[in-house]
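Q: Would you mind keeping the following structure in view while I ask a few things?
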Amino acid sequence: MMRIRGLLTAGLVAALWCGGALARDLVSAADPEAVLTAAKGFGSAELQTDSVGDPRIRGRMFGVIYLVTFYGCDDGKDCKDILFYAGWEQPGLTLEDVNRWNRDKRFGKAYIDDEGDAVLEFAVNLNYGVTPRNLEDTFDWWGVVLREFREEML
């Protein structure tokens, strides 16, 4: 019985220690530089500040300029999530086209803005962090969505 209790205690200590080590390796929206590093793996990208003082990344992927805006920030810090955004002047796009995209596609929300431009967005919750590989996969999915939208809708 004493030996089992000792093994359980050792296992618990190891699990807590590993969990702490893993938590340090997570990327969150509170670390815009880490998000920027992931963005640079998929094309050019630079860290900027938006009009309210929150971080923003301006990038280019497959020739398309996009933004990653940070949300849930406290005075430009400790942000909770990000939103990928791309827009195109596309007067021929119809609401029927956009509705079809939103119905058929799992990732990437499309809409026509007040000026008649086509907009594509992709919201990502990074609160509590994700692994760097997960964030890279998210950027990869954004690239898939950008390509498909450009090929099918524009």
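Q: Name the residue, out of Phe62, Phe42, Phe70, whose mean-square fluctuation peaks in a Gaussian network model built on the chain with Cα pairs under 10 Å.
A: Result: Phe62 has the largest fluctuation of those listed.
Q: Dipole of the stretch 27-153, Cα-centred, from +1 at each Lys and Arg C-beta and -1 at each Asp and Glu C-beta, to the nearest 20 debye? Numbers along the way, then the final one.
A: On the way: 14 positive and 24 negative charges, 85 e Å.
Rounded to the nearest 20 debye, it is 400 debye.
Q: Let me ask something else. Take the alpha-carbon centre of the stretch 94-154, take the same for the stretch 29-79, and report the distance between them in whole Å.
A: 16
Q: Take Glu148 and Phe42, extend 7 Å from each Cα along the Cα→Cβ direction, and tell me the distance between the two endpoints in nm.
A: Going from the Glu148 label point to the Phe42 one covers 1.3 nm.
Q: If exposed GluC sites (Glu not before Pro) are those in a DSSP loop with at most 13 other Cβ within 10 Å, what is the longest stretch of the chain that has none?
A: Values: sites that count: Glu89, Glu115.
Result, exposed sites excluded: 1-88.
Q: Short version: ³J(HN,Hα) in whole Hz for each residue of the stretch 121-129, in order, from phi by Karplus 6.51 cos²θ - 1.76 cosθ + 1.60 (θ = phi - 60°), x for Gly and Pro, what are they?
A: Those phi angles translate into 10, 8, 7, 9, 7, 10, 4, 6, x Hz.
Q: Cα-based Rg of the chain per 2.2 N^0.38 Å, rounded to two decimals? Walk me through the intermediate numbers first.
A: Working: Rg = 20.0 Å, N = 154, 2.2 N^0.38 = 14.9 Å.
Dividing the Cα Rg of the chain by 2.2 N^0.38 Å gives 1.34.
Q: Please sort through the DSSP H helices of the chain and keep those with an alpha-carbon extent of at least 30 Å along the long axis and a Kyte-Doolittle average not below 1.0. Please list the in-between numbers first.
A: Numbers: long enough: 2-24 (34 Å, 1.06); 132-153 (31 Å, -0.86).
TM-like helix candidates: 2-24.
Q: As a test of the formula, what do you get for the chain when each DSSP H run with n ≥ 4 contributes -39,500 (n - 2.57) and the sum is divided by the residue count, at 222 nm and rounded to the nearest 500 deg cm²/dmol?
A: After summing the helix terms and dividing by residue count, I get -14000 deg cm²/dmol.
Q: Which of the chymotrypsin sites (Phe, Trp or Tyr not before Pro) across the stretch 89-125 are loop residues per DSSP, with 16 or fewer other Cβ within 10 Å? Can you show the working numbers first?
A: Values: sites: Trp101, Phe107, Tyr111, Phe122; in loops: Phe107.
Sites meeting the loop and neighbour criteria: Phe107.
Q: Mind listing the long-range amide H neighbours of Arg56? Cut-off is under 5 Å, sequence gap 5 or more, other chains count too, H placed in the peptide plane at 1.01 Å from N.
A: For Arg56, the qualifying residues are Gln48, Thr49, Asp50.
Q: Please give me the summed charge of the neighbours of Arg60: other residues whose Cβ is under 15 Å from its Cβ, Lys and Arg +1, Asp and Glu -1.
A: Overall, the nearby charge balance is +4.
Coordinate-derived values only; no laboratory data. Being a predicted model, the structure only gives us computed values, none of them experimental. Here the Cβ is made from the backbone with ideal geometry for all residues, glycine too, and neighbour counts use every protein chain on show.
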